Amino acid sequence: MASTPRTQALTAADVVRRSIEGGRVDWRSAAVEALLVGLLVLTLGVLAWLLVVVFVNGIPVLAERGLDFLTSPLAARPDEAGVGQAITGSLWLMGFVALLSFPLGIGEAVYLAEYARAPWFTRLVNTVVRNLAGVPSLVYGLLGLAIFVVALGDVLGPGSASGRSLLAGGLTMAILVLPIVIITSAEALRAVPGSIREAAFGVGATRWEVVRSHVLPYAAPGIFTGTILSMARAFGETAPLILVGAVIGGFNVKYESVLETLQGRYTALPTTVYDWARKPQDFAGNVYAAIIVLIGVLLVVNALAIYLRYRFERRW
Amino acid sequence: MTATSGQHPARLTIGDLRGSSSRRRRELAVRLVFLAAASLSIVISALIILSLIGEAWSFISQVDLTLLVERGWFPRRDLYSIHTIVTGTLLVAAIGMLVAAPLGLGAAIYLSEYASARVRRIVKPVLEILAGIPSVVLGYFALQVLSPTIVDPSCAGPTQAYNMAAAGIGVGILITPLIASVAEDAMYAVPSSLREASYGLGARKRTTSLRIVFPAAISGIVAALILGLSRGIGETMVVSIAAGATGGSLFTLNPCEPGQTMTAAMTALATGSDQVRGASLAFPSLFFVGLVLFGFTLALNLVADRFVRRVRIRY
């Protein structure tokens, strides 16, 4: 009689359960749950496996070469080749995205969410943007090849670049990430409740004033997350750059002006990984080291986006 | 609008409510700028379709159409067997789906129905990180690790380092997070009342998850699978690195052999030499393959879109 009512209640529940289950263990349910856990663990395990392989093989090269690996230009010998040019090229590409895709994409999202009145137009643009987001990245490379490399090649990349210029790559990349910027920004804008807009209209603000000083600031964290994700995409994307000529590139150190750099040949970090991956086995260490740099940057960028989303997630 | 006292108050006209004309002009200008930005995506879509169709047409009109079903894809020798690379694409995508569908759906069911809030909060961002790993990385992983450790022992006879099975598994790993995330969203959105009704009838957790929630979310789950397939068909770098993008491929159905997908064939054309712009049909063939690829993924995406919309209407 020393037991407390609480344990008595628990015991009662156990008794009830036992009488329902008849003392049998529900093996099938246990098997299903184990199977599901197993599949999830397997998925995460592959990620862990990949990271371990990359780090075990790449860290020695990074440790041995140190800063030299990060700053050296492309070279024929693995112990001299580095990712200096590749990082510069990738930063340029991100610059194109920031300068072109952000204003245009956010502008398009603002129009869709705040201005558009004709339902057919909104529906058309929504469908078009969703389909653009689903187009394989390689097809954007074809677009860039047809327009920026071939048709406009003499303007964008004259001379030795034969059209395969940094400008062509940057413009292609800017178009590629545009749908991501539009979709995430429009989502963030639509999440701002109508009462905020109505309050601003009520005191006589025009639509642009409402958007600029009320809707955009409230939607800013969401838009920011989208722009970070699009930067990450621009940093990791390879396929379209191969079509518009980043593999054969490499910055010419003698470029004197910004214009010359823009019109010249280029390379980017993921295309350098691709290029080295096709070389003989003695480049393997370099490939893994470059992958560490690539994944490192992407992890930081993605983690920042995830953090921002959880930090500023707002329930209205 | 100022009414002077003693007199009749001045009539309020529309003009008084319009505000200053400079403000109105600015409003109009801003609206036009945004409209121009909004038209951009339509312009881009039109440019993609026009540039694909233009060059593809010049390919179709020049090539000997019987060559399209020849025994191999060797554009530099003027052998444009499109059915070789379409088969390769479907084979790699099928292997990818065999890997990704169980992994992705299993992870989705567990996360949506079984996992505690804490596990969800940790695992979902990790899956997003997996989704963010660039495809070049998975391609190299497939070539260096998956090919010798998984594919080689399971293939009969000597296997080459480059093979479609490794590429397919790599593609599968790449699309698993996508399938998991879309399917999990669909299952999580199933209203709790359905689960409670099921429990109320005495159903077990496993019955509720697999017989109630899973069917209720089926359109979202099908959409997840279609999106994954579409992504797998459009995936380039994994195949290009792991399946041996040497520029050509014989027709084969054996995943243990090197092969070529549409995407890998295109990158091989673009990198093999930078003379793709030469006189041969290689350059327009690039766009023809691109158009076929575009058609495949567009059709799949439209179907997936329709399924997603059905979820939204139901609940």
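The values are calculated or read from the model by the stated rules, or taken from the named source; none is laboratory data. These figures come from a predicted structure and were not determined experimentally. With ideal geometry, Cβ positions are generated from the backbone for all residues, glycine too; neighbour counts draw on all protein chains shown.
Summary of values
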quantity: Segment A:148-180, residues that are within 10 Å of chain B (Cβ to nearest Cβ) and at pLDDT below 90; calculated: A:VAL149, A:VAL150, A:ALA151, A:GLY153, A:SER162, A:GLY163, A:ARG164
quantity: Whichever residue in segment B:18-31 is part of a helix (DSSP H, G or I) and more than 10 Å from chain A (Cβ to nearest Cβ) and, among such residues, is modelled with the lowest pLDDT; calculated: B:SER21
quantity: Pairs where the first residue, in segment B:193-218, is closer than 21 Å to A:GLU21 by Cα and the second is among the acidic types (Asp, Glu) and part of a helix (DSSP H, G or I), C-beta under 7 Å, 6+ apart; calculated: B:SER209/B:GLU113
quantity: Test: B:GLN260 is polar (S, T, N, Q), modelled with pLDDT under 90, within 30 Å of A:LEU143 (Cβ to Cβ) and in contact with a strand residue (DSSP E or B) (Cβ under 6 Å, 6 or more places away or on another chain); calculated: yes
quantity: Extreme residue, surrounded by the fewest Cβ atoms within 10 Å (Cβ to Cβ), among residues of segment B:186-207 that are of a type in the set (Ser, Thr, Tyr) and within 31 Å of the chain's Cα centre (by Cα); calculated: B:SER192
quantity: Number of the exception - B:THR2 against (1) in a helix (DSSP H, G or I); (2) modelled with pLDDT under 85; (3) β-branched (Val, Ile, Thr); calculated: (1)
quantity: Qualifying position, being of a type in the set (Lys, Arg), in a helix (DSSP H, G or I) and farther than 17 Å from B:GLY106 by Cβ, among B:ARG206, B:ARG195; calculated: B:ARG195
quantity: Segment B:137-169, residues that are over 20 Å from A:TYR274 (Cα atoms) and either at pLDDT 90 or above or surrounded by fewer than 14 Cβ atoms within 10 Å (Cβ to Cβ) (or both); calculated: B:THR149, B:PRO153, B:SER154, B:ALA156, B:GLY157, B:PRO158
quantity: Among (1) away from chain A (no Cβ under 14 Å); (2) within 22 Å of the chain's Cα centre (by Cα); (3) free of Cβ contacts under 8 Å to residues at least 40 places away in the same chain, the one test that B:GLY106 misses; calculated: (1)
quantity: Conditions (1) at the interface with chain A (Cβ under 9 Å from one of its Cβ atoms); (2) crowded, with 24+ Cβ neighbours inside 10 Å; (3) modelled with pLDDT under 90; number of the one not met by B:ASP274; calculated: (2)
quantity: Residue in segment A:206-221 that is modelled with pLDDT under 90 and under 17 Å from the mean Cα position of the chain (by Cα) present; calculated: yes
quantity: Segment A:80-109, subset hydroxyl-bearing (Ser, Thr, Tyr) and farther than 13 Å from A:LEU167 by Cα, residue nearest to the other protein chains (Cβ to nearest Cβ); calculated: A:SER101
quantity: Test result for B:LEU178, closer than 13 Å to B:ALA107 by Cβ and more than 10 Å from chain A (Cβ to nearest Cβ); calculated: yes
quantity: Leading residue by the ranking (nearest to the other protein chains (Cβ to nearest Cβ)) among those in segment B:126-157 that are assigned to a loop (DSSP other than H, G, I, E, B) and more than 15 Å from B:GLY170 (Cβ to Cβ); calculated: B:GLY132
quantity: Selection within segment A:116-144 - among the hydroxyl-bearing types (Ser, Thr, Tyr) and at pLDDT below 90; calculated: A:THR122, A:THR127
quantity: Criterion: farther than 18 Å from A:ILE106 by Cα, within 12 Å of another protein chain (Cβ to nearest Cβ) and of a type outside the set (Phe, Trp, Tyr) - qualifying residue of B:ILE49, B:ILE44, B:ILE14, B:ILE60; calculated: B:ILE49
quantity: Residue pairs meeting the criteria (Cβ under 7 Å; at least 6 apart or on separate chains; first among the aromatic types (Phe, Trp, Tyr), in segment A:51-79; second not in a helix (DSSP H, G or I)); calculated: A:PHE69/A:GLY82; A:PHE69/A:VAL83
quantity: Residues being within 9 Å of chain B (Cβ to nearest Cβ), more than 15 Å from the chain's Cα centre (by Cα) and either buried (at least 20 other Cβ atoms within 10 Å of the Cβ) or within 28 Å of A:THR184 (Cα to Cα) (or both) - total across segment A:277-316; calculated: 5
